[in-house]
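These notes are about the structure you will find just below.
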Amino acid sequence: MFMGYSLGDLGSILAMQGFAGLVLFSVFVLMALGLAIIFGQMGVINMAHGEFMILGAYVTFLCSRLFAAYLPGAFAVYFFLAIILAFCASGLLGMAVEWALIRHLYKRPLDTLLATWGLSLILQQVYRSIFGAREVGVELPGWMMGSTHLTSQIEIPINGLIVMALTTLITLAVYLLIFRAGWGRQVRAVTQNRAMASAVGIDTERVDRLTYGLGCGIAGVAGSAFTMIGSTSPTAGQLYIVDTFLVVVFGGAQSLIGTIASAFTISQARSTMEFFLSGSMAQVLVLLSVVGILMLRPQGLFVLKIRR
Amino acid sequence: MTESTFSRKDLIGVLTFAALILVVLPMALDPFRLNLVGKYLTYGFVALGLVLSWGDAGILSLGQGIFFGLGGYCMAMFLKLEASTPAATKIQSTPGIPDFMDWNQLTALPWFWRPFHSLAFTIAAVPLVPALLAFVIGLAMFKRRVGGTYFAIITQAIAAILTILIIGQQGYTGGVNGITDLRTLLGWDIRTDHAKLVLYFISGGLLIACLVAAQTVRRSKLGRILLAMREREDRVRFSGYDVANFKIFVFCVAAALAGIGGAMFTLQVGFMSPSFVGIVPSIELVIFAAVGGRSSLLGALYGTLLVNWAKTTFSEDLPQLWLLAMGAMFIAVVVLFPNGLAGLVQDRLAPLLARLRPQRPELQQVAPAAVDASNQGVAR
């Protein structure tokens, strides 16, 4: 059989690697959702997105410490509070950044890239000064640890399941917000035609600020989820930013479905290949094929028809 | 260069810069500092390319580190092969191949290392390999009219891919340490202070040659088309120009310049590693050009020197402040002075000087700001 594995082995490898891929997929989706909203809606390239995510991770870390110190009784449920706080912290910071920085640059999209890169450097240094350069890990409550056995060969970690449930919930919430709620209608109106949206009385500046805040807030939640699969350090966010941008561009910048589909493709391809190749080669191959596909189809997988 | 392509102002600017790097700095600085300046000057090559491709043609590449690195690696491969003679490497299990290959259980030189035994090939490869890669990327992207932010993101992804590849393929590339322990160039020891001084002058001379070449391109009709492309791409296309070809050309030129810079970097610093290839160095290179002024060749060069000097000073004395200062600088430059230091000089200093001088009629080159304004006037 293939590389000395029997068919049954291969099946369970695929299932377990697939599941590992799903956790990566969840973090990708959360990161990319925020980025897709910001990039798709406003054309702003948010290079500091990884740092917003890390802010969420640090908030989660602080929560776990505080609960362990002062409210050990409620430690089992701290994670849910941490998620909400992470969302608020990143979202508020995002809105502040939009107000102070981004709104001056809407006509120069390439410059947003440089400015937010500068912002990411500052944030990294701030994290390093406050939390130290060393990686910190979050202590999970007992019930989140361990794994369940589907069959004798396939085991699935519980925190992975939680991350996935969380991602599904947030994706649903974003979908409802953008496509079903009145506010989402305003967002889409601004995306499709800013001048007309403004003419019919939509406060486009407010929409921009809230959209940017929402995108950053989701990145904060991604940070919470991230603490379960990796350790938090000031520069950890930077490692994800390129992958996330590729996810967004690959999926077609303005399409949420496309973002989800491309996050799924990229993360699954990577984690399945990682089992057979070295991690770095898997990443190279996946990135290369994505770049290759983008060269053939620059508009991404899914395209939203917009009049410009 | 003739009178029509070079104004007196350009000439004075180039000569001042030449005097600064070839006379003033070598006299004022000790060998260690001068070597540092030499290192900064190699980034200047990249900055020149960025002014052409980003400042003029509006193509922001976040992957200039790729080309810088490729040029540097080409040179490093030649120097490494020269340093790995069978006599010098006789303790290895396979003498005659670079040491890191031996550590990674390679027993023969890979095929793509072989041509680098020849110095002529290496010198040709330094600008051509980066230009070739840029050509392929440019062909794929610009012919399909991908530009702006998408292009920036994709070049960034390519920089990430190349870094991962170099680190992952340790046996062929030296991995994360890069290619180190480079000693001689055709038997000439490049590690002595004297050699470093000579290399500094070579690098400075080359930079000025490249500056003049870039200036010539900008003053030619080609340069005008590049500017026009940045401002109103569609109009240039409708006027019958193949926009994609011009973009590919300028992107290749920028890549070749970066490659030359990389090779000079390897020679002066004595090693090459993936830390000069990836996303972070690539963005830093863009920042150098942005701080100096993306639409001024001299501005970008001064910006490169200044930012690097600041970086060295800060990281020697206040390492924890450096990232903060650099971040704040980017934001300030982007938000407050989009044309960088050169823009400041042009907007504030030039009118002052002009007031001091007696008025004299002169055909002035149209400043980018003026092009903006007149274009907007036409568009309305």
Quiz prompt | Net charge of neighbours whose Cβ lies under 15 Å from the Cβ of residue A:229, counting Lys and Arg as +1 and Asp and Glu as -1 | solution = -3
Quiz item: How would you classify the range B:8-279 from its alpha-carbon gyration tensor, with a ≥ b ≥ c the square roots of the eigenvalues: rounded for a/c under 1.5, else prolate if a/b is greater than b/c, otherwise oblate?
Solution: oblate
Self-check item: Phi to ³J(HN,Hα) by Karplus 6.51 cos²θ - 1.76 cosθ + 1.60 over the range B:52-59, Hz, x for Gly, Pro
Solution: 5, 7, 8, x, 8, 8, x, 9
Exercise. Return the average number of partner chain Cβ atoms within 10 angstrom of each residue Cβ along peptide B:144-150.
Key: 5
Self-check item: Computed accessible area, residue B:193, all protein chains, 1.4 angstrom probe, square angstrom
Solution: 100
Quiz item: Where the eigenvalues come from the Cα gyration tensor of the protein assembly as shown, what are the semi-axes √(5λ) of the equivalent ellipsoid, largest first, in whole Å?
Solution: 42, 34, 24
Practice problem: Return the sequence-ordered ³J(HN,Hα) values of the range A:43-57 in whole Hz as given by the Karplus equation 6.51 cos²θ - 1.76 cosθ + 1.60 applied to θ = phi - 60°, using x for Gly and Pro. | Solution: x, 8, 8, 9, 6, 8, 4, x, 6, 5, 4, 5, 4, x, 5
Exercise. Please find, in a Gaussian network model of chain B (springs between Cα atoms separated by less than 10 Å), the residue of B:296, B:84, B:118 whose mean-square fluctuation is greatest.
Key: B:118
Quiz item: Out of residues 5 or more away from residue B:185 or on other chains, whose amide H comes under 5 Å of its own, with H placed 1.01 Å from N in the peptide plane?
Solution: B:190
Quiz prompt | CD proxy at 222 nm, helix term only [per DSSP H run n ≥ 4: -39500 (n - 2.57); per residue of chain A; nearest 500] | solution = -25000 deg cm²/dmol
Self-check item: Phi to ³J(HN,Hα) by Karplus 6.51 cos²θ - 1.76 cosθ + 1.60 over the range B:180-190, Hz, x for Gly, Pro
Solution: 10, 6, 8, 10, 10, 10, 6, x, 9, 5, 8
Quiz prompt | Longest exposed-site-free window of chain B, the sites being GluC sites (Glu not before Pro) in a DSSP loop that have at most 10 other C-beta atoms within 10 Å | solution = B:4-361
Quiz prompt | Gyration tensor (alpha-carbon) shape descriptor, chain A, a/c threshold 1.5 | solution = oblate
Quiz prompt | FRET E, pair residue B:317, residue B:337, Förster distance 25 Å, beta-carbon r, rounded to 0.05 | solution = 0.45
Exercise. Compute the separation of the alpha-carbon centres of the range B:259-327 and the range A:98-135 and state it in Å as a whole number.
Key: 19
Exercise. Give the share of C-alpha pairs in each 10 angstrom bin for the range A:47-112, from 0 to the last occupied bin, in whole percents, shortest bins first.
Key: 21, 38, 23, 13, 6, 0
Quiz prompt | Point-charge dipole on Cβ atoms (K/R +1, D/E -1) for the range A:165-254, about Cα centre, debye to 20 | solution = 260
Self-check item: Relative contact order (percent, whole number), the range B:156-313, Cα cutoff 8 Å, 6+ residue spacing
Solution: 31
Self-check item: Highest-fluctuation residue, B:136, B:291, B:253 considered, GNM on chain B with Cα pairs under 10 Å
Solution: B:136
Self-check item: Separation in nanometres of the label points that stand 7 Å from Cα toward Cβ, at residue B:7 and residue B:352
Solution: 2.0
Quiz prompt | Residue-averaged beta-carbon neighbours from other chains (10 angstrom radius) around A:232-244 | solution = 2
Practice problem: Calculate what fraction, in whole %, of the accessible area of the range A:1-90 sits on carbon and sulfur atoms when a 1.4 Å probe is rolled over the protein chains. | Solution: 77
Exercise. Take the alpha carbon gyration tensor of the range B:162-231, find the square roots of its eigenvalues, order them as a ≥ b ≥ c, and report rounded if a/c is under 1.5; if not, report prolate when a/b exceeds b/c, else oblate.
Key: oblate
Quiz item: Considering chain B as a Gaussian network with a 10 Å cut-off on Cα pairs, which listed residue, B:315, B:220, B:203, attains the greatest mean-square fluctuation?
Solution: B:315
Exercise. Could you please state how large a percent of the accessible area of the range B:1-88 is carbon and sulfur, counting protein chains only and using a 1.4 Å probe?
Key: 70
Quiz item: At what distance in nm do the modelled label points of residue A:183 and residue B:245 sit from each other, each positioned 7 Å from its Cα along Cα→Cβ?
Solution: 5.3
Quiz item: Which whole-number percentage describes the relative contact order of the range A:12-246, with Cα contacts under 8 Å and a sequence gap of 6 or more?
Solution: 44
Quiz item: Can you give the accessible area of residue A:194 in Å² (nearest 10), computed on protein heavy atoms with a 1.4 Å probe?
Solution: 90
Self-check item: Only Lys, Arg (+1) and Asp, Glu (-1) charged, at Cβ; the range B:8-279 dipole about Cα centre in debye
Solution: 920
Self-check item: Cα-projected label distance for residue A:100 with residue A:66, points at 7 Å along beta-carbon direction, nm
Solution: 2.2
Exercise. Could you run the numbers on buried accessible area between A and B, total for both chains, 1.4 angstrom probe, in Å² to the nearest 100?
Key: 3500
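The values are calculated or read from the model by the stated rules, or taken from the named source; none is laboratory data. It should be emphasised that the depicted structure is a prediction, and the values quoted were computed from it without experimental measurement. Positions of Cβ are generated from backbone atoms using ideal geometry, with glycine treated the same way; all protein chains shown enter the neighbour counts. The area values use the complete protein model at the heavy-atom level, side chains included, leaving out ligands, DNA and RNA. Shrake-Rupley method; radii C 1.70, N 1.55, O 1.52, S 1.80 Å.
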